[in-house]
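Notes follow the structure.
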Amino acid sequence: MNKIIVYASRYGTSKHYAFKIAEQKKYPICSLDEFVDHKKQYNELIFIAPVYMGKVWGLDKLIRRLDHDDQVELTLLTVGIYNPKRGANHSKIQKKINKISKKEPFKLQSLYHLRGQLKLNKLSITHKLLIKALYKNAKKQKPQALSKDERDIIKAYEHSKQADDTEFSEILARI
């Protein structure tokens, strides 16, 4: 099966994972902006993109670029700062993807999630203000009163220098 990696990245973590996978698996790679439907060359697409506010960034653009006469197999890797293994976070994304995939030119093969890296120095002013407000609000609360997502924000904010690759090896073996 011929595979290609297509990535959408706003602050670099999705791109980091995409290049890491491409290097280790020897798959061709291109950014979403460079992507033209390669259906004749590739029958499986691995799309790596960040999740913002429960939405896979760039997925709509990818769908518009696919050939609507044929279905392509899609493996989706989302990247975000909230714990992707948490049921509520996973199911929200899964429901949205399932709804989209019923009427679009792809067959969802697999859906994986990787922890993102919060690069505070690269954030837009709007995102910096939002993250800082979320962080400050969470820090004001008692630890036992924090939601799991608030704990994720604190952890990402305070440990923003490192990416969490713990799930990466497991996912790499599957794709």
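The values are calculated or read from the model by the stated rules, or taken from the named source; none is laboratory data. Please read all numbers here as calculations on a predicted model, not as lab measurements. For neighbour counting, all protein chains shown are included, and Cβ atoms are generated from backbone atoms with ideal geometry for every residue, glycine included.
Observations on the structure shown:
- Selection status of Ser9, modelled with pLDDT of 90 or more and in a helix (DSSP H, G or I): no
- The condition of being within 20 Å of Ile171 (Cβ to Cβ) and either free of Cβ contacts under 8 Å to residues at least 24 places away in the same chain or under 16 Å from the mean Cα position of the chain (by Cα) (or both) holds for Gly12.
- Scope segment 1-36; condition touching a Lys or Arg at 6+ places or on another chain (Cβ under 7 Å) and buried (at least 18 other Cβ atoms within 10 Å of the Cβ); matching residues: Tyr7, Ser9, Tyr11, Leu32, Phe35
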